[in-house]
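The values are calculated or read from the model by the stated rules, or taken from the named source; none is laboratory data. Source: prediction; values computed, not measured. No Cβ is skipped: glycine too gets one built from the backbone with ideal geometry, and neighbour counts run over all protein chains shown. Just the protein is used for accessible areas: all its heavy atoms, side chains included, with ligands, DNA and RNA removed. Shrake-Rupley method; radii C 1.70, N 1.55, O 1.52, S 1.80 Å.
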Amino acid sequence: MSTAASQPPSDGAEPRRFVVMGVSGCGKSSVGTALAARLGGTYVDGDDLHPAANVAKMSAGIPLIDTDRWPWLDKIGQCLALADDTMLIGCSALKRSYRDRIREVVGAPVSFIHLAGARETILRRLQTRLDHFMPPALLDSQFAALEPPGTDEQAIIVDIDRSLDAVVAAIIESLEETQS
């Protein structure tokens, strides 16, 4: 990702900006990385944009509250605003107010890709994940906060209970349908 001021794409088209969203363990990093490769874009892991205090809190098993999240969401939006081509950022974006905040900071269209799955599926994934600050004990707080995107939001909802390739293919198909 470039930290310099962004330039418009050479073809004059607006950069495509996506947030790959969902509860912890739904596959944001895996799907975002694979999807960016398919779209010829850049993937940024939103976890890397968390302030150290947020990481420490989550590592201790303490759920974040909204005041913890606002500066992080602003960083997500600022990163997307700098996009000069296709950019995807993994970010839980659990509440509509969080998605609204990201859109407001970006000041341009942002599409959300909600990776939806059953609690049991995601819990199994979290229990096998190594070296991540988000403990499985916080999964229930994530589901409690989750407000899936509404029909009035620019969003794709995809079921994650299938292979990575199938999830990415479903997203690509949805994107193609919305462009035609």
* To do: Just add up the charged neighbours of Pro51: K/R +1, D/E -1, any other residue whose Cβ is under 14 Å from the Cβ of Pro51.
  => -1
* Would you tally the net charge around Cys91, using a Cβ to Cβ cut-off of less than 15 Å, leaving Cys91 out, and scoring K and R as +1, D and E as -1? => -1
* **Residue of Thr67, Thr121, Thr42 that the Gaussian network model of the chain assigns the largest fluctuation, springs spanning Cα pairs under 10 Å** => Thr67
* Per-residue [θ]222 nm for the chain (sum of -39500 (n - 2.57) over DSSP H runs n ≥ 4, rounded to 500) -> -13500 deg cm²/dmol
* Asked: So for the pair Ala108, Glu176, with labels modelled 7 Å out along Cα→Cβ, what separation do we get in nm?
  -> 2.6 nm
* **Spin-label model distance (nm) - Asp161 vs Gln78, 7 Å beyond Cα toward Cβ** => 4.1 nm
* Asked: Remind me, relative contact order of the range 63-116 in percent, using alpha carbon pairs under 8 angstrom and six or more residues apart?
  -> 41 percent
* Structure fact -> Taking 104-111, 55-62 and ranking on average Cβ neighbours within 10 Å, highest first, one gets 104-111, 55-62
* Return one whole number: the accessible area per residue of the chain in Å², for a 1.4 Å probe. => 49 Å²
* Excluding residues on the same chain fewer than 8 positions from Lys57, give the lysines whose Cα lies under 19 Å from its Cα. => Lys75
* Around Ala169, what is the net charge, scoring Lys/Arg as +1 and Asp/Glu as -1 over all other residues with Cβ under 15 Å from its Cβ? -> -4
* Can you send over the carbon and sulfur percentage of the accessible area for the range 56-116, probe radius 1.4 Å, protein chains only? => 54 percent
* Asked: Can you run phi through the Karplus equation (6.51, -1.76, 1.60; θ = phi - 60°) for the range 97-112 and list ³J(HN,Hα) in whole Hz, with x for Gly and Pro?
  -> 4, 5, 5, 4, 4, 4, 4, 4, 5, 5, x, 8, x, 10, 9, 10
